[in-house]
Amino acid sequence: MKKIMVSAGEVSGDAHGKYLVRELKKLLPDAYFFGLGSENLLAEGVDVKFDITKRGSIGIFEALPNVLPIYLTYLKMVALMKKEKPDLLLLIDSQGINMPLAKAAKKLGIKTVYYIAPQEWLWGTPRGVKKVASTLDQIIAIFEKENEIYKLHGANVAYSGHPLVDIVKPTLSRDEARKQLLGDVSGPVISICPGSRTQEIKGLFPILLKAGKLIQQAIPEAKFVIPAASTDTIKQIFGLIEDFRPKAVVGHTYDILAASDLAICTSGTINLEASILGTPNIMVYKLNPLTYFLGKYVLKIGEKLPYFSMPNLLLEEKVIPELVMEEANPTRIAEEAVAILRDGARQEKMKASFEKLQNTLGSPGVISRCAKKIIEFASL
């Protein structure tokens, strides 16, 4: 029996891992999957030994409270690796824990594959890119440019397209979603997407709610909805809701996004998902001021990246508004939202750009092709 150790330390990696494991199991029905993950991988039959998804954070100073718990989990994963001696270590996202695990696996002679690999190719240094390339046995790239850059630096890399091509699919039509999930809606529908990390929900969700209140003052017929990823998210957000109370719906993220006229999103994959669905969206983000200072003036990320959001980076133009740091305030968010909702031509222009974006992400069947490449590489 083949043993595959999986490591997904954040909510997004756990979600992506579910689809990949599902495809791998079709090809390896008797394989034993175990390791680090959460409810999605658990539901797919992975023997989840540890779960640190609630420890997810972005930023240097934001991560400090989680350093020790994550390090202790890393030590437990290494001990588990030594005990089980897996045929493959499958790393998914979560660079902070997964790159050290990849180094440990290399010393133990265990093959490593990284799915949704570190984005050193995007914002890092040539040295960082080479380090990733030399540490990993195989990288499954999800962007064409990622594939090119890692290959240029000597990595064994394979590209089959972006997995969201297969994943981001509504189950209901726009009209059905509005009727079944939201009730009969006559005015514009606005999705408020607070992110999955506790740091984001506590820090940004209250700002998004205040922006929603301002939008409703300008457009009284507007309806607001929160496409929540889980009941845990609902519990967190309900504690922050005061007088302005959007409807929250669990488990229908893509139906809600596709039925929306606008999505106001904490920066992340959700912006790309909304764009794939053709929904105009706004990116909002705030970091610890010291983290932002280090990123801008020491690491000089702003000089490497013209934009912060993946849709704009892929399209190489500012299609969706990016409201970062001091601009991520209720007034600016509401101004941008109302401007988009009142400008039909701007909405159509955004949607046309999103069609171009979809063409850069590959054709359907991505995850199945990725699974085949992994099995072929690892000789499983």
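Read-outs throughout are calculated quantities, based only on the coordinates presented, and are distinct from any laboratory measurement. Everything quoted here is computed from the prediction, not taken from an experiment. We place every Cβ from the backbone using ideal geometry, glycine too, and count neighbours over all the protein chains shown.
Observations, loosely collected:
- Largest-first principal axis extents, alpha carbons of the chain, Å: 62, 46, 39
- FRET efficiency for Lys179 and Leu27, using Cβ-Cβ distance with R0 set to 30 Å, rounded to 0.05: 0.15
- Using θ = phi - 60° and Karplus 6.51 cos²θ - 1.76 cosθ + 1.60, couplings along the range 169-186 (whole Hz; Gly, Pro as x): 9, x, 9, 10, 6, 4, 5, 5, 4, 5, 6, 6, 9, 10, x, 5, 10, 9
- Where labels lie 7 Å past Cα in the beta-carbon direction, separation of Ala218 and Arg245 in nm: 2.6 nm
- For the chain, the Cβ-based charge dipole about the Cα centre amounts to some 1180 debye (Lys, Arg positive; Asp, Glu negative; other atoms uncharged).
- Listed residues Val319, Val366, Val67, most fluctuating in the chain (Gaussian network, C-alpha, under 10 Å): Val67
- Gaussian network model of the chain, Cα within-10 Å springs - most flexible of Ser275, Ser267, Ser134: Ser134
- In this structure, the amide hydrogen of Asn281, modeled 1.01 Å from its nitrogen in the peptide plane, lies closer than 5 angstrom to those of Ala263, counting only residues at least 5 positions away or on a different chain.
- Backbone geometry of the range 90-105 corresponds, through the Karplus equation with coefficients 6.51, -1.76 and 1.60 at θ = phi - 60°, to 3J(HN,Hα) couplings of 9, 9, 10, 6, 6, 4, x, 9, 6, 5, x, 5, 5, 5, 5, 5 Hz, x marking Gly and Pro.
- Counted charge near Ser173, where neighbours are those whose Cβ lies closer than 14 Å (Asp, Glu -1; Lys, Arg +1): +1
- Highest-fluctuation residue, Gln180, Gln347, Gln138 considered, GNM on the chain with Cα pairs under 10 Å: Gln180
- Near the amide H of Ala248, within less than 5 Å, lie the amide hydrogens of Ile226, all on another chain or at least 5 residues away, with H placed in the peptide plane.
- For the chain, the list of Cys residues with no other Cys C-beta under 4.7 Å reads Cys370.
- Remark: the range 77-133 carries a charge dipole of roughly 340 debye about the Cα centre, counting +1 on each Lys and Arg Cβ and -1 on each Asp and Glu Cβ.
- Neighbours of Ile226, meaning other residues whose beta-carbon lies under 11 angstrom from its beta-carbon, give a summed charge of +2 when Lys and Arg score +1 and Asp and Glu score -1.
- Residue-averaged [θ]222 nm for the chain, counting only DSSP H segments that reach four residues, each worth -39500 (n - 2.57): -14500 deg cm²/dmol
- Note that the range 339-354 has calculated 3J(HN,Hα) couplings of 4, 5, 5, 8, 10, x, 5, 5, 4, 5, 5, 4, 5, 5, 5, 5 Hz, one per residue in order, obtained from phi through the Karplus relation 6.51 cos²θ - 1.76 cosθ + 1.60 (θ = phi - 60°); glycine and proline are x.
- Multiplying the residue separation of Lys54 and Glu84 by 0.36 nm and removing their Cα-Cα distance gives an extension gain of 8.2 nm.
- Val6 long-range amide H proximity, modeled H, under 5 Å: Phe34, Gly35, Leu36, Leu90
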